[in-house]
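J.: Just passing along the structure, written as structure tokens.
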Amino acid sequence: MKDYRITFEKRGRVKYISHLDLNRCMIRAIRRSDLPAWYTEGFHPHLYLMFPLALSLGAESICEVMDFRLTEEVPDDEILSRLNASMPEGLKAISVHEPKYEAQHIGSACYDVTLQGENLSQFWNDFISQEQILTEKKTKKGMKTIDIKPMITIEGMTAENDNLCLSLRLPAGNEGNLNVTVVTDAFQKYAEKPILVTKILRTKIFCQNGEIFS
């Protein structure tokens with residue numbers, strides 16, 4: 001028995017399937033691949049899958065991670081070829097390796113975000129320059145007002161025509177999580193004007209120690 005970690009892309013129309021549907025899709029793909037998958041024991045055995053960091057509905061990614069277990073060792077290139085032959089359009093396995101870190105080690109994630117609207121760069125500069133950016137966030141105890149400004153790290157920004165392209169690094173994982181849509185919703189509320197979110201792409205997942213999650 002051996003544990004494996006797949007890094008995969010989720011692009012195009014599959015960005016609209018929920019995390020639960022993604023789980024079902026991956027189960028079907030593994031079954032079709034004829035890989036010697038390990039199943040849990042007990043009255044209701046099921047295929048073991050684990051996604052360390054769920055992706056929001058409507059977002060794409062080039063760095064999604066899925067853990068699974070095989071009853072015997074299989075060469076990495078064979079795992080990739082079998083899975084990719086069984087996956088639907090929009091899902092593509094990029095690499096496979098033994099897990100190095102556990103889910104609780106995740107600390108942040110990077111996103112490329114493209115917004116469309118008039119004069120957005122100036123609105124964004126004013127928005128991010130506020131002393132506080134207060135917004136409502138759903139918690140286990142209900143809705144809570146929080147200041148998300150200290151949680152936003154801007155790693156890049158470009159503006160062209162009516163497009164504003166941002167590279168944001170946001171907290172993620174068990175210690176704290178900020179959904180990128182919370183940021184875009186807060187910005188739209190501040191700007192008080194129509195803003196179209198044309199792209200959300202997760203590009204990297206980091207551990208709390210700063211290393212890439214792998």
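J.: Run down Thr145, Thr198, Thr203 and say which single residue is in the same structural domain as Gln130 (by TED's automatic domain parsing), under 22 Å from Phe123 (Cα atoms) and either free of Cβ contacts under 8 Å to residues at least 40 places away in the same chain or among the hydroxyl-bearing types (Ser, Thr, Tyr) (or both).
T.: Thr198
J.: If the requirement is being surrounded by fewer than 16 Cβ atoms within 10 Å (Cβ to Cβ) and modelled with pLDDT of 95 or more, which of these qualifies: Glu41, Glu118, Glu60, Glu78?
T.: Within the list Glu41, Glu118, Glu60, Glu78, the selection yields Glu78.
J.: Follow-up question, since we're still on this one. I'm checking my understanding of the structure. Among residues of the range 44-57 that are touching a Ser or Thr at 6+ places or on another chain (Cβ under 9 Å) and surrounded by fewer than 14 Cβ atoms within 10 Å (Cβ to Cβ), which one is farthest from Lys10 (Cα to Cα)?
T.: His46
J.: Which of the residues that make up the range 45-92 are hydroxyl-bearing (Ser, Thr, Tyr), under 25 Å from Ile212 (Cα atoms) and not in a strand (DSSP E or B)?
T.: Those that are hydroxyl-bearing (Ser, Thr, Tyr), under 25 Å from Ile212 (Cα atoms) and not in a strand (DSSP E or B): Tyr48, Ser56, Ser81.
J.: Inspect the range 36-43 for any residue being free of Cβ contacts under 8 Å to residues at least 24 places away in the same chain, closer than 20 Å to Val96 by Cα and either of a type in the set (Lys, Arg) or assigned to a strand (DSSP E or B) (or both) and give the result as yes or no.
T.: There is at least one residue in the range 36-43 that is free of Cβ contacts under 8 Å to residues at least 24 places away in the same chain, closer than 20 Å to Val96 by Cα and either of a type in the set (Lys, Arg) or assigned to a strand (DSSP E or B) (or both).
J.: Just name the residue that is farthest from Glu64 (Cα to Cα) out of those in the range 193-214 that are in contact with a helix residue (DSSP H, G or I) (Cβ under 9 Å, 6 or more places away or on another chain) and either modelled with pLDDT under 95 or polar (S, T, N, Q) (or both).
T.: Here the answer is Lys193.
J.: Please go through the range 175-214 and give me each residue that is of a type in the set (A, V, I, L, M, F, W, C), in contact with a Cys (Cβ under 7 Å, 6 or more places away or on another chain) and not in a loop (DSSP other than H, G, I, E, B), ordered by number.
T.: Ile205
J.: Okay, next question. Working carefully through the options Asp77, Asp34, Asp67, find the one that is at positive phi, more than 13 Å from the chain's Cα centre (by Cα) and outside the structural domain of Pro171 (by TED's automatic domain parsing).
T.: Just one listed residue meets the conditions, Asp34.
J.: Within the bounds of the range 132-146, is there any residue that is touching a Cys at 6+ places or on another chain (Cβ under 7 Å) and assigned to a loop (DSSP other than H, G, I, E, B)?
T.: no
J.: Shifting gears a bit: What pairs come up if the first residue lies in the range 77-101 and is under 23 Å from Ile205 (Cβ atoms) and hydroxyl-bearing (Ser, Thr, Tyr), the second is modelled with pLDDT of 95 or more and not in a helix (DSSP H, G or I), and their beta carbons are under 8 Å apart, counting only those six or more places apart or on different chains?
T.: Pairs found: Ser95/Ile6; Ser95/Thr7; Tyr101/Cys207; Tyr101/Glu211; Tyr101/Phe213.
The values are calculated or read from the model by the stated rules, or taken from the named source; none is laboratory data. If you're wondering where the values come from, they're calculated on a predicted model, not measured in any experiment. Here the Cβ is made from the backbone with ideal geometry for all residues, glycine too, and neighbour counts use every protein chain on show.
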